[in-house]
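Read-outs: derived from the displayed coordinates by stated rules, not from any lab. Being a predicted model, the structure only gives us computed values, none of them experimental. Every residue, glycine among them, receives a Cβ derived from its backbone with ideal geometry; neighbour counts consider all protein chains shown.
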Amino acid sequence: MKLSVFYDHIIEAHEQTGKSIREILLEVRGFGVEALEIRLSHLQESQTVAKQIKEAGFKISCIFEFYEMGINDETRKIEEHLNMAKELDAPNIMIVPGFLRGDDVTTIKASMQDESRLKTFFDSNEEVKRMAEGMNKAALMGKELGISVLFEDFDDFSSPMSAKNGVEWFLEKCPNVGYTFDCGNFIMYNENVLEAFNKFHARIRHVHCKDRSHEAVAVGEGRLPIGEVVTALLKSGYNGYFAIEHFDAKDQLDCIKKSAFYLQNL
């Protein structure tokens, strides 16, 4: 099992404990976590970030970033994203292509559970179509470099990649784009995570292990059947990363340790 964790959690642990980033990285590496999931902007803001990560013995599992593909030509940003992944030997980049606004968000909310209605809306919405076009362009560019381009199901009504029907539309329109399955987001729309997993299993290339409770908790301490998802993937031959995620946890270092222990002992 290959475990990664969000670099944002390393920063949060540093702020919570007063320990240096290097100290936190070394402790987390000792938990058996071998890679980090990191935002492109973190790497671009400081050249020391990648150096610290490498010196602590970590790989990069995925570099993610937010885009505005619905309203902008993001070709240059895609190039920068892919080049950074190539430089750091990261196998994946994940793109959040953009968010809708105003009446479009209202339409998503009203249509989300109606497959035909939602797909008709997406098929006629220029911003959503440009997002799909941008993802397809990124996937072709990534293929030339040997890097997978991914998207994830998102826990925000303003994202067209919300819930099962939104995910399915993008998977149909973007056949070369990989899918990051986030264990914790379907429940936000009252959808069953196992049903979603079974529906999209064949397209999963990356996994976010995020549990849900009344507050941010370690993986395995919430109410989601993450163990069933992880076990099924491993039995199927999945050899990608399982990324530990619990933004806003009150004790990030302890949560990372507990999450890693839970996943390693499935």
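Observations on the model:
- Gaussian network model of the chain, Cα within-10 Å springs - most flexible of Ser158, Ser61, Ser116: Ser116
- For Ala110, the shell of other residues with beta-carbons less than 15 Å away shows a net charge of -1, using +1 for Lys and Arg and -1 for Asp and Glu.
- Given the chain, longest segment not containing exposed loop trypsin sites (Lys or Arg not before Pro) (DSSP; at most 13 other Cβ within 10 Å): 102-222
- Residue-averaged [θ]222 nm for the chain, counting only DSSP H segments that reach four residues, each worth -39500 (n - 2.57): -14500 deg cm²/dmol
- In the elastic network of the chain, a GNM with C-alpha springs shorter than 10 Å, the most mobile of Asn165, Asn92, Asn239 is Asn239.
- Scanning residues 5 or more positions from Glu152 or on other chains, those with amide H under 5 Å from its amide H are Thr180, with H placed 1.01 Å from N in the peptide plane.
- Sorted ascending by nearby beta carbons within 10 Å, beginning with the fewest, Ser111, Ser159, Ser259 become Ser111, Ser159, Ser259.
- Order of Val193, Val207, Val105 - criterion: other Cβ atoms within 10 Å of each residue's Cβ, fewest first: Val105, Val193, Val207
- Pairwise centroid distance, computed over Cα atoms, of the stretch 194-222 with the stretch 82-149, Å: 20 Å
- Normalising the average separation of contacting C-alpha pairs (under 8 angstrom, six or more residues apart) by the number of residues puts the relative contact order of the stretch 2-248 at 17 percent.
- Charged neighbours of Phe122, selected by a Cβ distance under 13 Å, balance to -4 (K, R count +1; D, E count -1).
- Between Glu45 and Ser20, the modelled labels are 2.0 nm apart [label points 7 Å from Cα along Cα→Cβ].
- Loop sites in the stretch 165-218: GluC sites (Glu not before Pro), DSSP, at most 14 other Cβ within 10 Å: Glu215
- Most mobile of Gln47, Gln252, Gln16 in a GNM of the chain (Cα contacts under 10 Å): Gln47
- For the chain, the Cβ-based charge dipole about the Cα centre amounts to some 720 debye (Lys, Arg positive; Asp, Glu negative; other atoms uncharged).
- Violating pairs (Cα-Cα greater than 32 angstrom) within the set Lys173/Lys250; Lys54/Lys129; Lys2/Lys199; Lys19/Lys235; Lys109/Lys258: Lys173/Lys250; Lys54/Lys129; Lys19/Lys235; Lys109/Lys258
- Shape category assigned to the stretch 89-219 from the gyration tensor of Cα positions, a/c cut at 1.5: oblate
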